[in-house]
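Bear in mind that the values in this text are calculations on the coordinates, not laboratory data. For clarity, every value in this text was computed on a predicted model and none was experimentally measured. Here the Cβ positions follow ideal geometry from the backbone for every residue, glycine too, while neighbour counts run over all protein chains shown.
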Amino acid sequence: MFGETSRAAEKAGVRLKIIVVGGGIAGVATAYTLAVAGHDVVVLEKGDGSIKSAGGIQSPPNMTKILYQWGLRPILQQKADTYERIVLRNSDKGTLIGSLKMDENFVKELIDGFLFVQHRDLYDMLMNCARREGATIRCNAKVVGADPANATVTLESGEQLFADVVVAADGYDSVLRPIVTEEDEDVPVEEQERHLTTTILLPGDTLKGDEELETFLNPQDWVLWMGEGYSWNANFLHRGEALTATITHVYTGPPHAGDGDWTDARTLEWYLTTMPNIEPKLKKLLKRAKLISSRIFVTRQTPEDFVGAGSRLVLAGTAAHPMTPGGNHATALVIEDAQVLGCLFSRIQHRSQISQFMTAYEDIRQSRCASTQEYDYNHRASMKVPKEMQDQRDTLLGQTMIHGDWDHMDEALFRESWGKELSLYTYDATEKVDDWWGQYGYLLDLDIYTSNNSDGNEINFTLPYSFSSSMATGNSARPLSQPGVTLKFVIIGGSIAGLATAYGLRKAGHEVTVLEKSDGKAKSKGGLQSPPNMTKILYEWGLEPTLERLAYKCKQFTFRNGGSGELIGNMRMDEVFLKDLVADFLFIQHQDLKDMMLTLAIEEGVDIRFETIATSVYPTAHSTSIVLDDGQVLLADVVIAADGFDSQFRELVTGVPEDDLVDYSVGNRLNITFILPVDRLQEDDELRPLMNLTDWLVWMGSGYVMHANLINGGKDLTATITYTYHREICAEDTVWKDRPLNYYEVDLDLFESRPRKMLEMAKTVSARVFVSRHGPEELVSDDLKLVLVGEAAHPLRPGGNHRTALHFEDAETLRCLFSRIQRRDQISHFLTAYEEIRHPRCQWAHTYDNGFHDMATTHAGPEQKARDAVLRQTMAYGDWDHMDEGTFRAVWGNELSLYVHDARERVDDWWTQWGSLISREPRMERLSPEPKSPDLSSFIPNLLQVSVSTQG
């Protein structure tokens, strides 16, 4: 699966978020394989990341083969040692039991050799592999608990982290194992079977000059001593530069706090007292040791379950098979676990398959680990038998080695003594996964297309547009700076605002997840206007070819009095005017634009989760937690609320109850949209002349404004009406719904004949009532963890020119800002910058939109006549260039100033003013995940508008 010597690495079809608890060899090996498989992996290690182990590790052929497949053969050839013989000795008597040569034919049959490698060297190799593949290693991150159903872990600091899968690789005394097994692991002291494991390290030249030691310790030998209640194994490392030995001794002493921790604080006298019966040569080695480290293990069994029922928590390493160090197979099983997980999860195509792959891992690994641990336990027990049983054991083992090699031993004795050992060596973890996949994989492939998506995280569907056919020819988003840190953003709301923001932040180099409560299948009606400030952003995002196919350029505004039908005037959008504004004024169907943004976001790598409801958001010390309705908890560096006009999270930012934002002076508005086929409209002599593809038709009536334009290549007309609504509102009136027009009791007598005919043809319309709101005073929460975008930030009613344009300005501003971030401690400055740039713009657009709406909906009477007269004067020449300058400024100045806004230039201006100060902050190496943010308030006074908190 991995490395230059293996088959081509497969990549998963979905990128999972995987937390590995434990940063030892098991943790970093698992992180490596899962990262290679295409997943986002974070390792949580309770220690500081330093490895002090002096001991050696045996790498039997089954383990060596995997390490070679991972591309580690060159470095192992430098760092690891091979041996030529196994030498067995009776430690109590000091006698030779026998020796067995590992000839080339034997090694060749097992594919790869038996190696010795120092623990620290192997750890460093695997850590480098994991980091090279992009795994994140967090030290000083102690996990104290987990929610297996929701794949959430809790740190000692109180921080909660969410993932798709949690791998518990937290060692022999795993904190998370009881959560999986649901068993109490506390055993009374009197019932415990305990072993003292001791590792020693000696310089190789320590043995020189000591004839007794030199004669029985050879650099090409692996030597095992077997005594009553204990066993030793020793081998040379680094081509004879050092000798390492591991002693396993039955321990019957009193328990003490810290027994379960490795320590080098025990004295030589303590060891000699604890192990009084070891032979003199071994005592001599112990006395000459440069480093002695030990810990006490309580004997444990392999659990029956590696995955809890309905769980996304899985055991790996010694958390899954708690074998004490010193044997051949403890580390080999750890590496096999990692290989199996990597091979399995490289094949996953959909989140709904997680449970099947977890079950597969348990099916493949549990029986292998349980039988290996049982064999290892019995093998070690045979090495520690009482003296009265040693002669029988030694005679049997001596017979198997009488010829000194594997090939000449008696077959029956071979099977009795070494058959199980060799069967363990020939195990192939990759083949086991291939066998499982060959039996069940096609069923999983079929399941992707036939499942009902029971987990609700993702829905498979065909992308509405393909970049290869419609978007690839356009220019991509203008190149930006590359961020120095990848942040995790969670966006609540998968509408156009949420998708646009997701694409922008993903394009800026960050990890983005969108949570959308709907199933994503509903199709919206109605059209949108894309004024030049919005069109410019869409063009910069590479959408110009697609817009040329689906959108239509507006060349003329036509204004009529909604009651009388009298023409007020036409305003042509001539080429010179549009050139000055850089981009076009477009019409586009709402659903087409949403589909474009969905495709753009998915193709860029945004994780979109439909039917996923966020119920609450709360900050922690170093991140923000998002609680879902099913109990899952997600973590992010920044949470963005793009959940619309009726945002449930806006109050968390503003601190103001939603009822206090209601603008009673404006009143409630009914928004109506409908689509009519042009063929039907052209049957009417009065309506036929209005069917021009490039015209935007506007009727301004008593208490309403209606605008319409053609879509779908001139096949359909879409219309939107904003109508002053005086009826009492019920709860279901404030959600979009298809209803008969007469439900809303719209006074059709207020409409001149042409729009009235359209309404009568429509019969059924899509509509909802909007309770008018003030724009919020804050767009970023005081703790700088929650941000408002889209209608959550600027609750404009549908129908105006600027509502959707502001969504894209928000997204482009965040994209341009967060492409420049270099460190997490800068998040607060960039969010404050977003608020400083966007809040005045949104408030002004909100005020202007309300004012324009009030002007357009003026009731019949003198004020309406005066309005029409002024507008008629501004359009007397039919274009922008020939109007009276004073009248121009009074009527259209604000509209045009909204059109020329450039979101990226605003960010560039901010960065020019403040970027050098932020970039100049000293880089400091951090031990803790969250540093104290530097105080820039003396340089940037407006930063004081939002208080900074690093405490959540």
Per 0.36 nm of contour for each residue apart, how much would the distance between Lys283 and Ser371 grow if the chain were fully extended, relative to their Cα-Cα spacing?
28.2 nm
For the pair Asp679 and Tyr744, what calculated FRET efficiency results from E = 1/(1 + (r/R0)^6), where r is the Cβ-Cβ distance and R0 = 25 Å, to the nearest 0.05?
0.40
At 4 °C and a viscosity of 1.567 mPa s, what translational diffusion coefficient does Stokes-Einstein give for the range 192-259, taking Rh as the Kirkwood radius over Cα pairs? Give it in µm²/s as a whole number.
96 µm²/s
Counting only Cα atoms, I'd like the Rg/Rh figure for the range 627-736, Kirkwood definition for Rh.
1.13
Compute the distance in nm between two label points, each set 7 Å from the Cα along the Cα-to-Cβ direction, one at Glu388 and one at Glu84.
4.2 nm
If you count, for each residue, the other Cβ atoms within 10 Å and average over each peptide, how do 902-912, 788-798, 27-37 line up from highest to lowest?
27-37, 788-798, 902-912
Be a star and scan the range 115-143 for residues whose amide nitrogen sits under 16 Å from the point 7 Å along the Cα-to-Cβ vector of Glu421.
115-116
Which FRET efficiency, nearest 0.05, do Asp261 and Thr359 yield, Cβ-Cβ r, R0 30 Å?
0.30
Here the residues of the range 601-621 lying in the modelled label zone of Lys521, meaning backbone nitrogen under 13 Å from a point 7 Å along Cα-to-Cβ, are 611
Ratio of the Cα radius of gyration of the range 264-391 to 2.2 N^0.38 Å, where N counts its residues
1.43
So which lysines can Lys387 reach, going by Cα to Cα under 17 Å and dropping same-chain residues fewer than 8 places off?
Lys93
At 7 Å along Cα-to-Cβ for each site, give me the label-to-label distance between Arg239 and Glu728 in nm.
9.4 nm
In nm, spacing of pseudo-spin labels at Ala309 and Ser916 (7 Å Cα→C-beta vector)
6.7 nm
